[in-house]
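Structure record follows, encoded as structure tokens.
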Amino acid sequence: MSDCVFCSIINDDIPSHKVYEDENVVAFLDANPVSKGHTLVVPKTHVDNIHDASEMQYMWDALVEVSNALEKACDPEGINIAQNNGEAAGQEVFHLHFHVTPIYEGDELEIEYDRSELEDGESIAAAVKDNIA
Ligand code: 5GP
Ligand code: ZN
């Protein structure tokens with residue numbers, strides 16, 4: 001897609017710091033990192049988000065590869081992997097991507113959900129199961 005910033009990075013039309021590339025996937029440093037080594041793992045095929053990603057099993061291998069490289073290169077205490085779908089979920093770039101974010105000692109995790117006790121588990125699980133393809 002010509003107006004997609006990640007397609008432009010994949011095609012080297014705009015600069016980035018690439019750390020991994022194979023026939024299906026590119027990974028590059030996030031321009032506004034949450035922490036040192038914050039990397040985006042992106043399929044070369046443009047899809048908006050997870051709902052169009054059913055044929056992209058190769059993403060998993062790339063995520064493991066990049067996570068292992070970050071572990072060795074940056075020696076973090078842990079690694080978060082996050083992936084946002086839709087504006088309400090915080091998605092700003094509508095080309096599927098996974099955030100691989102090293103977490104260092106003293107880092108404050110800002111993700112905070114207001115959790116409650118599970119109710120209606122049976123009907124929720126049934127509704128989801130009914131929609132598994
Ligand atoms: P989202 O909120 O869509 O999950 O995350 C989009 C991410 O893309 C953000 O973390 C943002 O910093 C990153 N980003 C946006 N534009 C660029 C860019 O031109 N180059 C790079 N390397 N990262 C970008
Ligand atoms: Zn794109």
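Every number here is computed from the coordinates shown, using simple stated rules; none is lab data. All of these numbers come straight from a predicted model, not from anything done at the bench. We place every Cβ from the backbone using ideal geometry, glycine too, and count neighbours over all the protein chains shown.
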Among residues of the range 4-26 being loosely packed, with under 14 Cβ neighbours inside 10 Å and more than 20 Å from residue 73 (Cα to Cα), the residue nearest to ligand 2 (Cβ to nearest atom) is 11
List the pairs whose first member sits in the range 46-75 and is aromatic (Phe, Trp, Tyr), whose second member is surrounded by 11 or more Cβ atoms within 10 Å (Cβ to Cβ), and whose Cβ atoms are under 7 Å apart, counting only residues at least 6 apart or on separate chains?
58/24; 58/25
Those residues of the range 27-54 that are more than 24 Å from residue 75 (Cα to Cα) and within 16 Å of ligand 2 (Cβ to nearest atom) come to a total of 11
